[in-house]
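Working notes, structure below.
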Amino acid sequence: MICSSAARSRIKICFVSVIMAALLANIVGLVSRLLTSHSQRSVLSHQSRTSKYKLPYPETPHLVLNEDAIRGRKVLIVGDVHGCLREMEELLQEAKSKFPDQEILPIFVGDLLSKGPFPVETLKKLQKIEHYAVRGNHDEAVLRQALSLKKEKLYQLPPKYSWVPNLSDDDIGYLRELPYTISIPSLSVIIVHAGLVPGIPLTEQELTNMIIMRNLVKSREGTLSAAELTNEGEAWASFWPGPDHVYFGHDARRKLQKHAHATGLDTGCVYGNQLTGAVVTKDSTELIHVKAKQVYKET
């Protein structure tokens, strides 16, 4: 039987269509497997980096602020507030007075709450202004208490957290989504509460280390491990090689720390010393200090 030209064309079209459909199915299957594999790796990564209190993982653990987020504003990185609301407000006003013609974008190094006189009021104030903040160990401890209380109404709060029932769902949600780090590529800056271990990508840093470490201990083999206490090893910031400059808090005993590629901003406001902020540009860093109104907490 001899096929007409039209019939042969239809056969070719059908054949090509079958092949294309098969190729498309293979491509869809491959993409699906890749996405599933990536999703599984992400979940495993999150699970392997659990926090000290096994708290929910924030949606964005490592926030990156690009130039469209900064929008030409002066970046003011603020040390540990610890509920010292009046000093925080004074520091923000001082920064505005120094740069009257420019907007200020505050970014906090964590430990917003606890120890000081106005933890709830500080949290309410922060949510009324545009700002960013990383989580500190005290913020995480407060979140743990708040979530425990929501889960079990008869949960017994430790006395120092007696104010936690005054936190709203929005307050708890705010704490829950605090990232562990904030990076500003245009300024070559990283903000973290406690510290970082050199040589480890941000996405692989131990979550608990980033909120409690103060020192690094160097082994005989030359490896570095994080330490919370200052009686072993040396200040972690002295090891940080750059090129990004890290701004951090958490270490009030050492007060203001100035290292080649890291600056510690916890100057112990809650202990009656100062609240410190750093106005950071591409070319310079200017420090602003506000004296504590009183000693709120004995060391």
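The values are calculated or read from the model by the stated rules, or taken from the named source; none is laboratory data. Quick caveat: nothing in here was measured; it's all calculated off a predicted structure. As a convention, Cβ positions derive from the backbone with ideal geometry for all residues, glycine included, and neighbour counts pool all protein chains shown. Note: areas computed on protein heavy atoms with side chains; ligands, DNA, RNA excluded. Shrake-Rupley method; radii C 1.70, N 1.55, O 1.52, S 1.80 Å.
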How about region 220-237: which of its residues are at positive phi and exposed (fewer than 11 other Cβ atoms within 10 Å of the Cβ)?
Gly222
Do any strands (runs of 3 or more DSSP E) entirely within region 238-299 hold 1 or more residues that are surrounded by 14 or more Cβ atoms within 10 Å (Cβ to Cβ) and touching a helix residue (DSSP H, G or I) at 6+ places or on another chain (Cβ under 6 Å), and if so, which?
262-264, 274-280, 285-291
Unique residue being free of Cβ contacts under 8 Å to residues at least 12 places away in the same chain and among the polar types (S, T, N, Q) when the list is Ser225, Ser219
Ser219
Only one of Gln93, Gln102 that is surrounded by fewer than 24 Cβ atoms within 10 Å (Cβ to Cβ) and at pLDDT below 95:
Gln102
Going by what's in this entry, would Gln47 be described as under 24 Å from Asp244 (Cβ atoms), open to solvent by 30 Å² or more (accessible area, probe 1.4 Å) and modelled with pLDDT under 95?
no
Would a scan of region 60-80 turn up a residue that is part of a helix (DSSP H, G or I) and either in contact (Cβ under 8 Å) with a residue 60 or more places away in the chain or on the phi > 0 side of the Ramachandran plot (or both)?
yes
Report, by residue number, each residue of region 70-85 that is among the small types (Gly, Ala, Ser) and open to solvent by 10 Å² or more (accessible area, probe 1.4 Å).
Gly72
